[in-house]
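Step one of this worksheet: look at the structure below.
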Amino acid sequence: MLWETFLLALQAILRNSMRSFLTVLGIVIGVAAVIAMVTVGQGSADQVTADVEKLGSNIVMVIPGQDAMRGGPSGLAPQPFSMKDNDAVEALSPVAVAAPISQGRERAVFGNENWRTDITGTDNRYFEAAQWELERGRLFEDGEIKSGKAVCVIGETVRDKLFGNADPLGETIRIKSMSCEVIGLTKSKGASTFGSDQDDFVIMPIKTYFRRVAGNNDVGLIFASIRDGASIPDAMDDVSALMRERRLIGVGEEDDFEVMDMEQLTTMLTGITGILTGLLAAVAAVSLLVGGIGIMNIMLVSVTERTREIGIRLAVGAQARQVLMQFLVEAIVLSLFGGLIGIFLGLGLGLLGSSYLNVPFQPQVSIILLAFGFSAAVGVVFGYFPARRAARMSPIDSLRHE
Amino acid sequence: MADPTPLIALIGIWRTYGTGEATVHALAGIDLTIDRGEFVAIMGPSGSGKSTAMNIIGCLDAPTAGHYLFDGVEVAGLTRDQRALLRRHYLGFVFQGYNLLARTSALKNVELPLIYKGLPRAERIALAMEALEKVGLADRAHHDPSQLSGGQQQRVAIARALAGKPRVMLADEPTGNLDTKRSIEIMKVLERLNGEDGLTIVMVTHEEDMAQFSNRLIWMVDGKIARDEPTRKVA
Ligand SMILES: Nc1ncnc2c1ncn2[C@@H]1O[C@H](COP(=O)(O)OP(=O)(O)OP(=O)(O)O)[C@@H](O)[C@H]1O
Ligand SMILES: [Mg+2]
């Protein structure tokens, strides 16, 4: 009889193909959306952590201002650092190297081509600390750094946009009023977690940047690497104490700069991806709900017909539980079917999205089960409970149902 | 050798719809016994309670008051499942409004009661085809109700009631939508089943011609039995 019930349910599914299709669709949409979005979100978060770890866990950054990156109250523009600040940081015993960094966005021009990009002024220590390698050409020479010569190292994207197939080395690009000789090309790192292009930059000696681009001597960021074996928290305390002293901050006054290690940076960045993941999850939850409402709607619209069908079956000798079993099997088969399609579609979309965003593919069993469970529950509840009500009526009442 | 217990016994049956001002007594104290092998026709004006009585006899509806004994067993004392078994194994019902499953072929509709009887598929199809042949619809076996005329749908409903070879056939205006020629063919099928297989038939009809095939005629008015007499056959 169980097999017969299963066949009856299958027949009912095929007979009501439109209803079945819409129910399955509702489940597929809900399940696929949730799985795809959460998978991509989680992959992004993991990628951020991986990206930051690639920088090395021994990196400490010093930024003027408080809450600058956390988006807190900004207040007055923070007092920037100077080259002397950088040298003082580097002089601290736990610090291996410290690189001063100043950045801005400008248009770089070569021939008829132009491209807006990040212009970074720093020195060779930055390449060392941030682990940038050269594809071709060379880094800056000491003399070039000291004198602030107009030479630059460019990223792969800038090369592509300005030079196309031509060789950039030895050519001269124009940034603002300055002409700058290209001496090096970095190895491509590809897109980062947020889809931002990591190869989109021009790097020049910081003095050149001060004089020819920024028009001041402000250092925006000190990028320091800590010696192997030194304690990072202790090093950060040292940097803090040093900067408080240099910036004349009295006892009890708050810092007007921030010292971050990679852990904090990771936390901050994963916090941002967390918000993104949350947003995606919210959108997905809405899809799930919409799918659920769709299923509910289909089931409720068809309740009159189903009630009459139940009346007919009861009248020809079916027992209530046989009819109910049929409807339950019908609901379960549809839910399973829709759920499985949804899972595969969701994983497929997740895979597609992950590879497009260049993040690891991280399907999560708990979310798959949750999405599947919810949709299946909606399908079963709204498929089964109206049937149960109908099966409890007398056959003639079910038949007369309108 | 007659069995002393009547097959169907209605004792003081009332069926009341609604409450207060809107109360309708569809059946107002019906006493009726039907024995095995009888062919009973029920006639009466519209609204006189014929369908209501049929539904109660068919165990599809419960009386408000009174007793209904089927083969000596009080139906009200049975569980829902037992009443379902009674319908499954003893009763074949033809509804006034057909009540076929939509988007389901004539054959599958006729097969439906046989599924619940637990018959294997091959036997079901054979029996269903046989029943469809009896009502002259073998060539429409794979048509859905929506592709059939009213009369054809009615014949599918008759075939469904016949397919399970019930003991009692309850037919509510089985020929209401058929032309005279078809109606007479159907009546002849019923007459033969009644004569040869001893099928007990209770049939509601508005047509004197069809009532002619019965042995007993019950005339209902206002929820009561007004006359109950042997059918006067007109040659
Ligand atoms: N579900 C119901 N709710 C309220 N009143 C009902 C219901 N079913 C039947 N009735 C009433 O009971 C009475 C008998 O109805 P029934 O259907 O038995 O008549 P009938 O003799 O079969 O008529 P017809 O020849 O038109 O089929 C009618 O007055 C009808 O209005
Ligand atoms: Mg009627």
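The number of residues in the range B:31-73 that are more than 10 Å from ligand 2 (Cβ to nearest atom) and free of Cβ contacts under 8 Å to residues at least 12 places away in the same chain comes to 1. The set of residues in the range A:261-277 being open to solvent by less than 40 Å² (accessible area, probe 1.4 Å) and either among the acidic types (Asp, Glu) or more than 10 Å from A:VAL48 (Cβ to Cβ) (or both) consists of A:ASP261, A:MET262, A:THR277.
Within the range B:1-30, can you find the residues that are in contact (Cβ under 8 Å) with a residue 24 or more places away in the chain and either in contact with a helix residue (DSSP H, G or I) (Cβ under 8 Å, 6 or more places away or on another chain) or among the small types (Gly, Ala, Ser) (or both)? Those that are in contact (Cβ under 8 Å) with a residue 24 or more places away in the chain and either in contact with a helix residue (DSSP H, G or I) (Cβ under 8 Å, 6 or more places away or on another chain) or among the small types (Gly, Ala, Ser) (or both): B:ALA2, B:ILE8, B:ALA9, B:LEU10, B:GLY12, B:ILE13, B:ARG15, B:ALA26, B:LEU27, B:ALA28, B:GLY29, B:ILE30.
Only one of the numbered conditions (1) part of a strand (DSSP E or B); (2) buried (at least 21 other Cβ atoms within 10 Å of the Cβ) is violated by B:MET210, and that is (1). B:ALA53 fulfils the conditions (1) away from chain A (no Cβ under 14 Å); (2) within 11 Å of ligand 1 (Cβ to nearest atom) except for a single criterion, (1). Would you confirm whether or not the range A:31-40 contains a residue that is away from chain B (no Cβ under 14 Å), closer than 30 Å to A:VAL365 by Cβ and open to solvent by 70 Å² or more (accessible area, probe 1.4 Å)? The answer is no; no qualifying residue exists. Within the range A:353-371, the presence of a residue that is within 49 Å of the chain's Cα centre (by Cα) and closer than 14 Å to A:THR23 by Cβ is excluded. Exactly one residue out of A:SER394, A:SER398, A:SER375 is more than 14 Å from chain B (Cβ to nearest Cβ) and polar (S, T, N, Q), and it is A:SER375.
Residues in the range B:1-38 that are within 16 Å of ligand 1 (Cβ to nearest atom) and crowded, with 19+ Cβ neighbours inside 10 Å: B:LEU10, B:ILE13, B:ARG15, B:ALA26, B:LEU27, B:ILE30, B:LEU32.
Name the single residue, out of those in the range B:22-51 being within 22 Å of B:ASN215 (Cα to Cα) and part of a helix (DSSP H, G or I), that is farthest from the chain's Cα centre (by Cα). Result: B:LYS50. Apart from one condition, A:LYS176 fits all of (1) open to solvent by less than 30 Å² (accessible area, probe 1.4 Å); (2) at positive phi; the exception is (1). State all residues of the range A:344-356 that are surrounded by fewer than 20 Cβ atoms within 10 Å (Cβ to Cβ) and either within 14 Å of another protein chain (Cβ to nearest Cβ) or not polar (S, T, N, Q) (or both); if no residue qualifies, say none. The answer is A:PHE344, A:LEU345, A:LEU347, A:GLY348, A:LEU349, A:LEU351, A:LEU352, A:GLY353, A:TYR356.
For the range B:103-115, the condition of being at the interface with chain A (Cβ under 9 Å from one of its Cβ atoms), open to solvent by 30 Å² or more (accessible area, probe 1.4 Å) and out of contact with any Pro (no Cβ under 9 Å at 6 or more places or on another chain) holds for at least one residue. Which residues, taken from the range B:122-145, are away from every other protein chain (no Cβ under 12 Å), within 22 Å of A:ARG308 (Cβ to Cβ) and in a loop (DSSP other than H, G, I, E, B)? Answer for the range B:122-145, where residues must be away from every other protein chain (no Cβ under 12 Å), within 22 Å of A:ARG308 (Cβ to Cβ) and in a loop (DSSP other than H, G, I, E, B): just B:HIS143. Can you find even one residue in the range B:63-72 that is in a helix (DSSP H, G or I) and over 23 Å from B:TYR17 (Cα atoms)? No: the range B:63-72 contains no residue that is in a helix (DSSP H, G or I) and over 23 Å from B:TYR17 (Cα atoms). When A:VAL286, A:VAL316, A:VAL251, A:VAL303 are checked against the criterion of being in contact (Cβ under 8 Å) with a residue 40 or more places away in the chain and either of a type outside the set (S, T, N, Q) or surrounded by 15 or more Cβ atoms within 10 Å (Cβ to Cβ) (or both), A:VAL303 stands alone in meeting it. Among the residues of the range A:330-342 satisfying the criterion of being in contact (Cβ under 8 Å) with a residue 24 or more places away in the chain and open to solvent by 30 Å² or more (accessible area, probe 1.4 Å), which is nearest to the other protein chains (Cβ to nearest Cβ)? Result: A:VAL333.
Is it true that some residue in the range B:78-94 is more than 10 Å from chain A (Cβ to nearest Cβ), under 20 Å from the mean Cα position of the chain (by Cα), within 16 Å of ligand 1 (Cβ to nearest atom) and buried (at least 23 other Cβ atoms within 10 Å of the Cβ)? Yes, some residue in the range B:78-94 is more than 10 Å from chain A (Cβ to nearest Cβ), under 20 Å from the mean Cα position of the chain (by Cα), within 16 Å of ligand 1 (Cβ to nearest atom) and buried (at least 23 other Cβ atoms within 10 Å of the Cβ).
Screening the candidates B:LEU119, B:LEU100 for the property of being open to solvent by 30 Å² or more (accessible area, probe 1.4 Å), under 28 Å from B:GLN154 (Cβ atoms), of a type in the set (A, V, I, L, M) and within 12 Å of another protein chain (Cβ to nearest Cβ) yields one hit, B:LEU119.
Okay, residues lined up against (1) among the polar types (S, T, N, Q); (2) within 16 Å of ligand 1 (Cβ to nearest atom); (3) under 18 Å from B:LEU100 (Cα atoms):
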site: B:ALA126; (1), (2), (3): no, no, no
site: B:GLY136; (1), (2), (3): no, no, yes
site: B:ASP144; (1), (2), (3): no, no, yes
site: B:ARG155; (1), (2), (3): no, no, yes
site: B:ALA159; (1), (2), (3): no, no, yes
site: B:ALA171; (1), (2), (3): no, yes, yes
site: B:THR175; (1), (2), (3): yes, yes, yes
site: B:ARG182; (1), (2), (3): no, no, no
site: B:ILE186; (1), (2), (3): no, no, no
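Take the conditions (1) within 16 Å of ligand 2 (Cβ to nearest atom); (2) within 14 Å of chain A (Cβ to nearest Cβ); B:GLU207 misses just one of them, which is (2). Using the structure shown, decide if B:THR19 is away from chain A (no Cβ under 14 Å), more than 16 Å from ligand 2 (Cβ to nearest atom) and farther than 25 Å from B:ASN215 by Cβ. Criteria met by B:THR19. Scanning the range B:178-206 for residues that are assigned to a loop (DSSP other than H, G, I, E, B) and buried (at least 17 other Cβ atoms within 10 Å of the Cβ) yields a total of 3. Quick check: is even one residue across the range B:162-175 open to solvent by less than 10 Å² (accessible area, probe 1.4 Å), within 13 Å of chain A (Cβ to nearest Cβ), touching a helix residue (DSSP H, G or I) at 6+ places or on another chain (Cβ under 9 Å) and assigned to a helix (DSSP H, G or I)? Checking the range B:162-175: at least one residue is open to solvent by less than 10 Å² (accessible area, probe 1.4 Å), within 13 Å of chain A (Cβ to nearest Cβ), touching a helix residue (DSSP H, G or I) at 6+ places or on another chain (Cβ under 9 Å) and assigned to a helix (DSSP H, G or I). Scanning the range B:39-60 for residues that are closer than 16 Å to B:ILE225 by Cβ and open to solvent by 40 Å² or more (accessible area, probe 1.4 Å) returns B:PRO45, B:GLY47.
The values are calculated or read from the model by the stated rules, or taken from the named source; none is laboratory data. The structure presented is a predicted model; accordingly, all values stated were derived computationally and were not measured. Cβ atoms come from the backbone with ideal geometry, glycine included; neighbour counts cover every protein chain shown. Note: areas computed on protein heavy atoms with side chains; ligands, DNA, RNA excluded. Shrake-Rupley method; radii C 1.70, N 1.55, O 1.52, S 1.80 Å.
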